[in-house]
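Enquirer: Take a look at this one; I'll ask things after.
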Amino acid sequence: MNVYKTHIILKINILTIIISTLISHRVNAQIFDDYQNPPSVNWKQINTASFQVIYPAEFEEEAQRLTNKMEQTIRDLQKSISIKPRKISIILQNRDVVSNGFVQLAPRRSEFSTTPPQEMDYQDWLNSLAVHELRHVVQFDKLTGYLKPPLFEQLALAIFGITLPPWFYEGDAVGIETALSSAGRGRLPSWEMPFRTNTLSGIKYSYQKDFFGSLKNITPGYYQLGYFMTTKMRNDYGGNFLDSLLTNIKKNPIRPYNFSRSLQKFTGHNTKRWHSETVGELDSLWRHQLAKTQPINYPVFPQEQKQEVMDFLLPQMLPNGKILAIQRSYHSVPRIVCIDSQNVVTEIIKTGIQTQAHFSYNANKITWDEMRYDKRYLKQTFHVINVLDLKTNRYKQLTHKTRFFAPTLSHQGDSVAAVEINLRNDVSLVILNSNTGKELNRIKIPEGIVLQSPYFKEDGKKVITIARSQKGTNLMEIDLQTNAFTFLIDWQQQQMERPIYTSFGILFKSHFNGIDNIYLLSGPLKTIKQVTNVAFGAFNPSYNEHRATLLFNNYQPTGYLISQVKIDKNKLDSTTKNQNHFINYFKPLLSQENPKDTIMPVEQKIFASSAYNEVKHLFNFHSISPVGDDISSIDNFDLGLQLMSDNMLNTFSTRIGFNYDQNTSRSDYFVSASFKKWFPKISVQYRNQAQLSSIRSQNNSNERIPLRWREHYTEIKTTIPLTFNRLNTIYSTGLAIGTSYTKRYQISIPNLNIANFDKVNFPLLVQYYFNRNERRSVQDLAPKWGQNFNFIYRNLAFDKRLSGAIFSMKSTLYFPGLSNNHSLQTRFNFQQRSGDYSLTNDIPMISGYDQLASSKVNNTLFVDYRFPIAYPDWDIGPLAFVKRLKGGFFADFENFAQRTNFSPRTFGIELRADMNLLRFYLPNFDAGIRAIYVNESSPQKVIFTYGLSYTY
């Protein structure tokens, strides 16, 4: 091969590596999303001394109210941590139906998803967000406030994440949201219920298992764990304890196990011991509570023999006595099922993504709601209504691009009632035709009230629903003939849920005695009586008049099972006779925080608002960061720094930096920009980089001479990524087109006889991908069914001095294995090359390829069978917590259609483990070893490889 061809191949390989890196699919390696809103959103802002509030124009009224609340609340939130936080940007996202919020650094901002959820504590959603998320702002600034933009925000985020376990900062925020309001999750029996159930059932896990969770057992969750552990700190050591603790941690930012050692300094206990002390105290309190409530032991069904985690939510009885429910488990995706008298479970339909589990049955129809993505702008999501006819088994998506929640069918099955929450957070009850989706009626609900889980009266003339506001919760009855509404009781400081009509009154869930139970509102005096008296929690009542049977979810250590009872209304006790036995663990915090000001109504001030000019805020330099995040091999680790800029709306990012390449012993310089506001995403990159290769000596063909040069490399790329979802399947597809220009200089061999080596003119790249995958359960190693295809085409059509093209196809297909949660995966890859791309490989190579005799590869086929081995939940001291062991067999074929026999070139086995390392909640690590057998003559028949990957 001549020198010219050698270096053309070198150029193409370099180009291939760079472009492939830049257009690879988005990976789950970041904690915060970088999604965008539609460009049609008209953004406005309010600026105060403490906040820049950025919000859509139609959300003006709520933005004003929230700004008032935050200005008042921020003073109270800094009291127990003794720090006045710096000004921060708050972005109100009103197009996302998933109720959420977060605070981040790099760049410094907080996002509130403003759509209120259907199930939460009994207060205003935005007020709850303000208290909880702003507490995180105070925590950030207490620990890392001295590290400021434009250079150090990412460093601050890293120190915060490494130093504080998530249970601490989330638990503290839950404690504050409870102390500084008349609600909060610390007041909800349903929220602490998994922790309480485990403890009272004698199921006490290690600190790491309670913290990191499990793939086989229900654990408290780090929010709940952290709430009790941080509240105990303040209960035992006073209101200033957290301030002292964080101050000590701040003084030792690089000390190993900094948090645990600081905790031990003040309490004499490390985190593991503090967990034990907390659980011990809670065990005593909860057993004392249990003795007071004197629960009844109701039989539950269906009882799994293996004691697997399994929910059968929202049980509803069919006329034939069979029961419908939503089944959730760790080993299968959510689905609506039918349970017969022998406890045989039959699948009806798999459901898609739900913000809360919900479905309704009547007249041989089922309706439920699901979340749908916007195809391009993932900051915008929708909530649609689905209907399934059980007679014909016909499924229909009744609405499109709507914001409907908790649909319920009339007893006749001809109408659906649903809660609509629009972009201004205005709430309406909407009645739809269940066959066509046509709107039949709309009742606007008074401002400040959110409706939950409506339910039709048997004659279809009225609807009962839960009303939630800052006052608490209430039972609201709506007359569909007059559109008038009536509050049936006084406002309650209760988490009331899912009311239903019966012939003798209204059943609903509440917690008047300190445990979630089913209650009845009946009689002319509207007396509330307790119907159930369970040990842990009763939810989701349904009543069959013909059989006079109440069905409800009865929570157990393995999940939400079903109980059924006959109701004798004459033997029910009034709630006035029953004391509230909730342990009120938060109570000492009230005297420490003195929250009277935050509970009082906020005096409304009108703040000046103005248009938010996105062009003026395109550049927001916040951090100097190391270049790259690949640390799999220290030999390939590039030393470098980059200055990062990301605007507040995730529409424009820039990077400026350099890195030292150990291979060339030279520095490279780069600048890049990515514009993501419009339908296509556009990115531009420039690099000034050093390159190193070698050529054969003209005097001695066995001798190679080093060749160095520098080059200007400029690239432009546009991509159109699209995402869809329907029921249990998620689709993604996209198109990318890119090109580049390379100019070389400072060539180390001045008289190098290589024609046209100095530049490469605009090679073309086109990529199209299509992915269709079913959702995965917690224990699934891969989707049960999935089809993924990636097509890439490159050519040199615009460079008259060079010629050649390459077309490649990469595919991954998933199939169910021989047992549940097993996975069979096949990957077929193909490439066709010509001209200057003749020796370029654009597809994955077989296992051990770098240690085998080289060959020209036209296609590869990988067959992998993977399976879980065990879920040990092993504590390996402070070093690791191992959740799952998994194994696999694989066979790798190369040019299999051209081989004399259809046999793999390599095959082998693998053993891997999912774990958390050094007591860090994130990232999750996957460590493994592969034994590769070489199926041909080779000096090394068995090759061992090791791997460590991570996800967030």
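The values are calculated or read from the model by the stated rules, or taken from the named source; none is laboratory data. If you're wondering where the values come from, they're calculated on a predicted model, not measured in any experiment. No Cβ is skipped: glycine too gets one built from the backbone with ideal geometry, and neighbour counts run over all protein chains shown.
Enquirer: Return yes or no: is GLY226 more than 25 Å from GLN72 (Cα to Cα) and of a type in the set (Gly, Ala, Ser)?
Expert: Details: more than 25 Å from GLN72 (Cα to Cα): yes; of a type in the set (Gly, Ala, Ser): yes.
Answer is yes for this residue.
Enquirer: Please find, among ILE162, ILE176, ILE83, the residue that is touching a residue at least 60 places away in the same chain (Cβ under 8 Å), part of a helix (DSSP H, G or I), outside the structural domain of HIS358 (by TED's automatic domain parsing) and surrounded by fewer than 22 Cβ atoms within 10 Å (Cβ to Cβ). Give the derivation first.
Expert: Values: ILE176 fails: surrounded by fewer than 22 Cβ atoms within 10 Å (Cβ to Cβ); ILE83 fails: part of a helix (DSSP H, G or I).
Within the list ILE162, ILE176, ILE83, the selection yields ILE162.
Enquirer: Conditions: (1) touching an Asp or Glu at 6+ places or on another chain (Cβ under 7 Å); (2) under 30 Å from TYR330 (Cα atoms). ASP780 meets all but one. Number of the miss?
Expert: Here ASP780 meets the rest and fails (1).
Enquirer: Mind checking which pairs have a first residue in the stretch 187-199 that is within 13 Å of GLU281 (Cβ to Cβ) and a second that is not in a helix (DSSP H, G or I), Cβ under 6 Å, 6 or more apart or different chains?
Expert: PHE195/PRO220
Enquirer: How many of the residues making up the stretch 811-825 are within 16 Å of HIS331 (Cβ to Cβ), hydroxyl-bearing (Ser, Thr, Tyr) and under 26 Å from the mean Cα position of the chain (by Cα)?
Expert: From the stretch 811-825, those within 16 Å of HIS331 (Cβ to Cβ) are 816-823; that's our starting set.
Okay, now just the ones that are also hydroxyl-bearing (Ser, Thr, Tyr), so 819, 823.
Retained after the next criterion (residues that are under 26 Å from the mean Cα position of the chain (by Cα)): 823.
Of the residues in the stretch 811-825, 1 are within 16 Å of HIS331 (Cβ to Cβ), hydroxyl-bearing (Ser, Thr, Tyr) and under 26 Å from the mean Cα position of the chain (by Cα).
Enquirer: Let me ask something additional. State the number of residues belonging to the stretch 71-101 that are over 27 Å from SER244 (Cβ atoms) and among the hydrophobic types (A, V, I, L, M, F, W, C). If you could, list the steps in order and put the result at the bottom.
Expert: Let us first name the residues in the stretch 71-101 that are over 27 Å from SER244 (Cβ atoms), namely 71, 89-101.
Among the residues that remain, those that are also among the hydrophobic types (A, V, I, L, M, F, W, C) are: 90-92, 97-98.
Number satisfying all stated conditions: 5.
Enquirer: Let me ask you something else. Among the residues of the stretch 357-389, which ones are surrounded by 16 or more Cβ atoms within 10 Å (Cβ to Cβ) and either touching a helix residue (DSSP H, G or I) at 6+ places or on another chain (Cβ under 9 Å) or assigned to a loop (DSSP other than H, G, I, E, B) (or both)?
Expert: Taking the stretch 357-389 first, the residues surrounded by 16 or more Cβ atoms within 10 Å (Cβ to Cβ) are 357-362, 365-389.
Those that are surrounded by 16 or more Cβ atoms within 10 Å (Cβ to Cβ) and either touching a helix residue (DSSP H, G or I) at 6+ places or on another chain (Cβ under 9 Å) or assigned to a loop (DSSP other than H, G, I, E, B) (or both): ALA357, HIS358, PHE359, ASP374, LYS375, ARG376, TYR377, LEU378, LYS379, GLN380.
Enquirer: Now for a separate question. Considering only residues that are of a type in the set (D, E, K, R) and either at pLDDT below 95 or assigned to a loop (DSSP other than H, G, I, E, B) (or both), which ones fall in the stretch 293-338? Can you show your working first?
Expert: Taking the stretch 293-338 and keeping what is of a type in the set (D, E, K, R), we get 304, 306, 308, 311, 322, 328, 335.
Listed by number, the residues that qualify are GLU304, LYS306, GLU308, LYS322.
Enquirer: Could I ask something else about it? Output the number of residues of the stretch 511-553 satisfying the condition of being in contact (Cβ under 8 Å) with a residue 24 or more places away in the chain and over 21 Å from ASN320 (Cα atoms). If you could, list the steps in order and put the result at the bottom.
Expert: The initial filter retains those residues of the stretch 511-553 that are in contact (Cβ under 8 Å) with a residue 24 or more places away in the chain, namely 511-516, 518-522, 526-547, 549-553.
Retained after the next criterion (residues that are over 21 Å from ASN320 (Cα atoms)): 511-516, 518-522, 526-539.
Result for the stretch 511-553: 25.
Enquirer: Moving on. All but one of (1) small (Gly, Ala, Ser); (2) over 30 Å from ASN127 (Cα atoms); (3) without any contact (Cβ under 8 Å) to a residue 40 or more places away in the chain hold for GLY221; which doesn't?
Expert: (2)
Enquirer: Also: Criterion first (β-branched (Val, Ile, Thr), in contact with a Leu (Cβ under 6 Å, 6 or more places away or on another chain) and either outside the structural domain of ASN935 (by TED's automatic domain parsing) or closer than 30 Å to ARG710 by Cβ (or both)) does THR840 satisfy it? Don't jump to the end; show me each part of the working.
Expert: Details: β-branched (Val, Ile, Thr): yes; in contact with a Leu (Cβ under 6 Å, 6 or more places away or on another chain): no; either outside the structural domain of ASN935 (by TED's automatic domain parsing) or closer than 30 Å to ARG710 by Cβ (or both): yes.
In short, no.
Enquirer: Among the candidates ALA406, ALA417, which residue alone is crowded, with 19+ Cβ neighbours inside 10 Å and more than 19 Å from ILE336 (Cβ to Cβ)? Can you show your working first?
Expert: Values: ALA406 fails: more than 19 Å from ILE336 (Cβ to Cβ).
Going through ALA406, ALA417 in turn, the sole match is ALA417.
Enquirer: Search the stretch 447-457 for residues being part of a loop (DSSP other than H, G, I, E, B) and at pLDDT 95 or above, and hand back the single one that is nearest to LEU398 (Cα to Cα). Lay out the reasoning, then the answer.
Expert: Step one: filter the stretch 447-457 for residues part of a loop (DSSP other than H, G, I, E, B), giving 447-449, 457.
Add one more test, that the residue is at pLDDT 95 or above, and what stays is 449, 457.
On the way: ILE449: 26, LYS457: 22 Å.
That would be LYS457.
Enquirer: If a residue has to be in a loop (DSSP other than H, G, I, E, B), over 26 Å from ASN441 (Cα atoms) and touching a residue at least 24 places away in the same chain (Cβ under 8 Å) to count, how many in the stretch 477-495 make the cut? Steps first, please.
Expert: First, pick out the residues of the stretch 477-495 that are in a loop (DSSP other than H, G, I, E, B): 480-484, 488-491, 493-495.
From what is left, the residues that are over 26 Å from ASN441 (Cα atoms) are 490-491, 493-495.
Right, trim to touching a residue at least 24 places away in the same chain (Cβ under 8 Å) and you get 493-495.
Selection size over the stretch 477-495: 3.
Enquirer: Also, quick follow-up: Mind checking whether some residue in the stretch 850-869 is assigned to a strand (DSSP E or B), touching a strand residue (DSSP E or B) at 6+ places or on another chain (Cβ under 9 Å) and charged (D, E, K, R)?
Expert: Filtering the stretch 850-869 for residues assigned to a strand (DSSP E or B) gives 859-869.
From the residues that got through so far, the ones that are touching a strand residue (DSSP E or B) at 6+ places or on another chain (Cβ under 9 Å) too are 859-869.
Narrowing further to those that are charged (D, E, K, R): 864, 866.
Within the stretch 850-869 (the criterion being assigned to a strand (DSSP E or B), touching a strand residue (DSSP E or B) at 6+ places or on another chain (Cβ under 9 Å) and charged (D, E, K, R)), the answer is yes, since at least one residue qualifies.
Enquirer: Please work out if PHE512 is over 22 Å from LYS461 (Cβ atoms) and within 32 Å of the chain's Cα centre (by Cα). If you could, list the steps in order and put the result at the bottom.
Expert: Details: over 22 Å from LYS461 (Cβ atoms): yes; within 32 Å of the chain's Cα centre (by Cα): no.
No, not satisfied.
Residue by residue, here is whether (1) modelled with pLDDT under 95; (2) within 33 Å of the chain's Cα centre (by Cα) holds:
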| site | (1), (2) |
| --- | --- |
| GLN470 | yes, yes |
| ARG498 | no, yes |
| THR502 | no, no |
| ILE506 | no, no |
| ASP516 | no, yes |
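Enquirer: Kindly indicate whether any position in the stretch 115-122 is within 30 Å of MET496 (Cα to Cα), outside the structural domain of ALA357 (by TED's automatic domain parsing), over 22 Å from the mean Cα position of the chain (by Cα) and part of a loop (DSSP other than H, G, I, E, B). First the steps, then the outcome.
Expert: The initial filter retains those residues of the stretch 115-122 that are within 30 Å of MET496 (Cα to Cα), namely 115-122.
Filter once more, keeping what is outside the structural domain of ALA357 (by TED's automatic domain parsing): 115-122.
From what is left, the residues that are over 22 Å from the mean Cα position of the chain (by Cα) are 122.
So of that shortlist, the ones also part of a loop (DSSP other than H, G, I, E, B) come out as 122.
Looking for residues that are within 30 Å of MET496 (Cα to Cα), outside the structural domain of ALA357 (by TED's automatic domain parsing), over 22 Å from the mean Cα position of the chain (by Cα) and part of a loop (DSSP other than H, G, I, E, B), one finds at least one in the stretch 115-122, hence yes.
Enquirer: Which numbered condition trips up GLN495, out of (1) in contact with a Leu (Cβ under 6 Å, 6 or more places away or on another chain); (2) closer than 21 Å to THR367 by Cβ; (3) of a type outside the set (Lys, Arg)?
Expert: (2)
Enquirer: For the stretch 213-231, what are the residues that are assigned to a helix (DSSP H, G or I) and surrounded by 21 or more Cβ atoms within 10 Å (Cβ to Cβ)? I'd like the intermediate steps shown before the answer.
Expert: Step one: of the stretch 213-231, the residues assigned to a helix (DSSP H, G or I) are 222-231.
Residues satisfying the conditions are TYR222, GLN224, LEU225, GLY226, TYR227, PHE228, MET229, THR230, THR231.
Enquirer: Which condition breaks for LEU188 when tested against (1) within 21 Å of ARG328 (Cβ to Cβ); (2) within 23 Å of the chain's Cα centre (by Cα)?
Expert: Exception for LEU188: condition (2).
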